[in-house]
Amino acid sequence: MRCVRCPPLAALLLLAMVAGPATAKPRGKKAKAVEEAPKAEAAPAFEPAPAGTLTIGIPRPLSAQEAADDAKALEGYLSEQLRKPVQARTFAGYDQLADALGKGQLDLAWITPLSYVKASSASRVFPLVKAVRKGLYYRSVYFVRDESKAKELADLKGRKVGWVDPGSAAGFLFPRAMPFKSVCNAVLKGEVDAGATFANGPGEGSGYRADGCGETVGPQALDRLRVIAFGDRIPNEVVAAREGFDEGVAAQVTGVFSLMPETDAGRGILSKVFHAEGFGMALEQDFDAVRAVQESVESGQWIDPRRHVGRKP
């Protein structure tokens, strides 16, 4: 199950500086680079889990069959490790997961930082562990073709930027309607002048790279793209627990996830289900930057890009 990570400041910051009103949409031939946002599916209806059964929700961003396979593998692993029955449930998207967790319909959920913030605004959910992928955090980055004259965000004024239809709060903060591959290809082909994706932590002695493009288009794309700005540090996806979840069981779950890299079976789950190297401790303050942006968007307050975006990667 591929877990798509999306930059939370891309639409807000770049649209504010470059494209003007959030309702503006690309026009002409270059607009073909932008794909329509998928229609939201209805939340699935599940039978109540048997007494004593722990439930965990995971998304299905690629296909229902792949998600079902992931769920079955995760159920078996967690049931064995926790020595209690576990039922994994699949959801079409992170918003549905956040809603189910916030309503107490799930014990645990594997969700994005933004989805966690949404769930925590509805109830007292709490984070357990976050994924490790070349570190515990990533950043949103804004990139151009290497030959572009743009050196910083201000240089993109009046240019075309490719990411997402900003019609929803989720898509606005975490661009996802236009897949990373489409954004990257649109920039590489010159259909748009800049794009936004994610970057892992920079390597020793190097700056940030458009890692989202490297993973979807191929590593050769990294040599043709240049990062001109980056956003706040954002935690990777998190396993969160519902309000009132037993603290003793929460400690057990945290231990099981933390020890996954220690066994072949655990590493298999990390690779197949979570596409991660391991898990580290998650703290409430990890989500402060995401929460601040979400609150600013909902309140209509202006966010100074110079405060949230580094000029030199």
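Nothing in this text is a laboratory measurement; each read-out follows from the coordinates by a stated rule. Given the structure is predicted, the values throughout are model-derived calculations rather than measurements. Note that each Cβ is placed from the backbone with ideal geometry, even for glycine, and that neighbours are counted across all protein chains shown.
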(Q) Between Glu243 and Glu295, what is 0.36 nm times their sequence separation minus the Cα-Cα distance? Round to one decimal in nm. (A) 16.6 nm
Q. Per the Kirkwood formula on distinct C-alpha pairs, the Rh of the range 97-154 is how many angstrom?
A. 14.1 Å
Q: Take peptides 258-266, 104-112 and line them up by average Cβ neighbours within 10 Å, highest first, as a rough protection proxy.
A: 104-112, 258-266
(Q) Could you list Arg145, Arg139, Arg133 so that the one with the fewest beta carbons within 10 Å of its beta carbon is first and the one with the most is last? (A) Arg145, Arg133, Arg139
(Q) Output wanted: per-residue J couplings in Hz (rounded whole) for the range 63-77, from phi through Karplus 6.51 cos²θ - 1.76 cosθ + 1.60, θ = phi - 60°, x for Gly and Pro. (A) 8, 5, 5, 5, 5, 5, 5, 4, 4, 5, 5, 5, 4, x, 5
Q | Residues Glu47 and Ala265, FRET efficiency given R0 of 30 Å [Cβ-Cβ distance, rounded to 0.05] | A | 0.60
**Q.** Calculated FRET value between Leu82 and Asp223, using beta carbons and R₀ = 30 Å, to 0.05
**A.** 0.10
Q.
Could you tell me how far the Cα centroid of the range 207-255 sits from the Cα centroid of the range 137-156, in Å?
A. 20 Å
Q) In which sequence would Asp95, Asp69 go, from the one with the fewest C-beta neighbours within 10 Å to the one with the most? A) Asp69, Asp95
Q) Where does each of Leu283, Leu101, Leu225, Leu188 land when they are ranked from fewest to most other beta-carbon atoms within 10 angstrom? A) Leu283, Leu188, Leu225, Leu101
**Q.** Extension gain (nm, one decimal) between Glu66 and Lys103, 0.36 nm per residue minus Cα-Cα
**A.** 10.7 nm
Q: Kindly state, to the nearest 0.05, the FRET efficiency for Ala122 paired with Lys149, given R0 = 41 Å and r defined as their beta-carbon distance.
A: 0.35
Q | Integer Hz, Karplus 6.51/-1.76/1.60 couplings in order for the range 231-248, x for Gly and Pro | A | x, 5, 5, 10, x, 5, 4, 10, 8, 10, 10, 6, 4, x, 5, 4, 5, x
Q: Would you mind checking which residues have amide H under 5 Å from Val192's amide H? H placed 1.01 Å from N; only 5 or more apart, or other chain.
A: Val187
Q) If amide H atoms are built 1.01 Å from N in the plane of the peptide, which residues on other chains or at least 5 residues away come under 5 Å of the amide H of Phe279? A) Val132
